[in-house]
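Trainee: My structure is below; once you've seen it, I'll send some questions.
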Number of protein chains: 2
Amino acid sequence: MKLITRNTDYAMRALCHIAQQKKEAVTVTEMVAALGIPRPFLRKIVQTLSGEGILASCKGQGGGFSLRKRPGDVRLTDLIRVFQGTIQLNECIFKKKICPMRRSCALKREIDGIERDALTRLHKVSIASLIRKGGRHDAD
Amino acid sequence: MKLITRNTDYAMRALCHIAQQKKEAVTVTEMVAALGIPRPFLRKIVQTLSGEGILASCKGQGGGFSLRKRPGDVRLTDLIRVFQGTIQLNECIFKKKICPMRRSCALKREIDGIERDALTRLHKVSIASLIRKGGRHDAD
DNA sequence: GACAAATGATACTATAATGGTATCATTATA
DNA sequence: TATAATGATACCATTATAGTATCATTTGTC
Ligand code: FES
Ligand code: FES
């Protein structure tokens, strides 16, 4: 049972780091040094975040990445959606077809309820909330 | 984000089915007919449950499986433990080493809290509770 | 005892998700 | 124009999931 994957975790680390810098733009090189994430992987992640409109990017020397949204507006659920696909409540499947009795299924009702609650809580976690809570989330 | 896998789901279906039969022993053939789960897969699952002491088995003609525990004592968390490995709260890893700052990490604290809550709720779901709640969980 | 009906044990396979690497193109600045 | 940055994209390795397949063993019935 894993709520967030490495992608999501790294993304949140990078975002918190960027949010805490004073500079206009933060480079990948800088983040690699600060966060200890493998460079090409981190590059892929921030590129994705850029594509999603969460980060802004500047090419060329002196370039880098910066937050495009307010720290309170970037939530864990957003990152999960981006890196872990649509947030799907437990899908019961029967030979490629969705289970015919999922309306009446007691187990599904329970799981759905639990997932919904988890999601509302994940939704409350944002860059801002993490930083607030002593959220140093850097390596070394 | 998937709380339970197919294994676990099928296992719970099979267990609920067995619990609702009057007979001494329920055969795999019977369960396949009732639950629509692929036969060899279901066999593997009930064998595992048998090995775990959740089901008792009788070999030979007239044999089959029966519950070895009370329906209230078999919980979703038990099945998750069996089929999805140790229930591990979010593990943050840095190049094979566990993250040096996991004590102070705000993100980890949040995730851990959410997972713990989910687990306590999953722990409350048992064969008995599912059956009680109109728990027909069979396929045609 | 032979046969059939059941489980036990175990090995194998296919697919997808995760966690990355690697490469070349493009842009901006000094 | 050299250099430091991102953009785009393709590729790869490992693991987890979801199964399949096979042969052995036990047990009741005729
Ligand atoms: S049996 Fe399909 S949703 Fe529960
Ligand atoms: S950075 Fe490792 S636990 Fe948060």
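The values are calculated or read from the model by the stated rules, or taken from the named source; none is laboratory data. Note that the structure is predicted; figures quoted are calculated from it, not measured. No Cβ is skipped: glycine too gets one built from the backbone with ideal geometry, and neighbour counts run over all protein chains shown.
Trainee: Scan region B:1-12 and report the pairs whose first residue is more than 9 Å from every other protein chain (Cβ to nearest Cβ) and whose second residue is part of a helix (DSSP H, G or I) and at pLDDT below 95, with Cβ atoms within less than 8 Å and a gap of 6+ or a chain change.
Mentor: The qualifying pairs are B:10/B:35.
Trainee: Right, another one. Take region A:99-113 and flag every residue that is part of a helix (DSSP H, G or I), more than 7 Å from every other protein chain (Cβ to nearest Cβ) and more than 16 Å from DNA strand D (Cβ to nearest atom).
Mentor: A:109, A:112, A:113, listed by residue number.
Trainee: Out of the residues in region A:55-88 meeting the condition of being over 22 Å from residue A:2 (Cβ atoms) and of a type in the set (A, V, I, L, M), tell me which one is farthest from DNA strand D (Cβ to nearest atom).
Mentor: A:67
Trainee: Scan (1) farther than 18 Å from residue B:7 by Cβ; (2) within 16 Å of the chain's Cα centre (by Cα); (3) within 16 Å of ligand 1 (Cβ to nearest atom) for the single condition residue B:42 breaks and write down its number.
Mentor: (1)
Trainee: Could you tell me whether residue A:116 is loosely packed, with under 14 Cβ neighbours inside 10 Å, at pLDDT 90 or above and either over 14 Å from residue A:72 (Cα atoms) or among the acidic types (Asp, Glu) (or both)?
Mentor: Criteria met by residue A:116.
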